[in-house]
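Written out below as structure tokens is the structure these notes cover.
The values are calculated or read from the model by the stated rules, or taken from the named source; none is laboratory data. Every value quoted in this text rests on a predicted model; they were computed, and no experiment measured them. FYI the Cβ positions are ideal-geometry reconstructions off the backbone, even for glycines, and counts take in every protein chain you see.
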Amino acid sequence: MNKDKSTGALLLAASIVIIVVYLLLLWYPPWASVASLFLLKLTGSVAIVAVFAVIGWIGYTLATTPPPKPIEEIEKELEKELKEIEQSENENSGMQQK
């Protein structure tokens, strides 16, 4: 097994174990009375933190990334480069004819 496959298998196994333990703690009557409120608070907290961390990361990225060049400016640069290429080709073909 290569490293990626073994890492994937480990993540899959860990996920299954965590899901089973979570559901047992939440629904199994002897343990549910002790752990269920804590688990629900923990689950809600992790979900809120994860969602707003992603939203904050998106906001930071939008705030710190410079805006792209306007399309008109890019078109002008491309036209200029195309003219330069055409001129160099014309000069090369003129030299070859002499």
Taking the residues in segment 31-66 that are small (Gly, Ala, Ser) and surrounded by fewer than 10 Cβ atoms within 10 Å (Cβ to Cβ) as candidates, determine which candidate is farthest from the chain's Cα centre (by Cα).
-> Ser33
Looking only at segment 41-67, which residues are more than 30 Å from Tyr22 (Cβ to Cβ) and either assigned to a helix (DSSP H, G or I) or touching a strand residue (DSSP E or B) at 6+ places or on another chain (Cβ under 9 Å) (or both)?
-> Gly59, Tyr60, Thr61, Leu62, Ala63, Thr64
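Here is a check on your reading of the model: is Glu84 in a helix (DSSP H, G or I), among the acidic types (Asp, Glu) and either at positive phi or surrounded by 10 or more Cβ atoms within 10 Å (Cβ to Cβ) (or both)?
For Glu84, the condition - in a helix (DSSP H, G or I), among the acidic types (Asp, Glu) and either at positive phi or surrounded by 10 or more Cβ atoms within 10 Å (Cβ to Cβ) (or both) - is met.
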Pro70, sole failed condition from (1) surrounded by 10 or more Cβ atoms within 10 Å (Cβ to Cβ); (2) farther than 30 Å from Val21 by Cβ = (1)
Taking Ala47, is it of a type in the set (A, V, I, L, M, F, W, C) and at pLDDT 95 or above?
-> yes
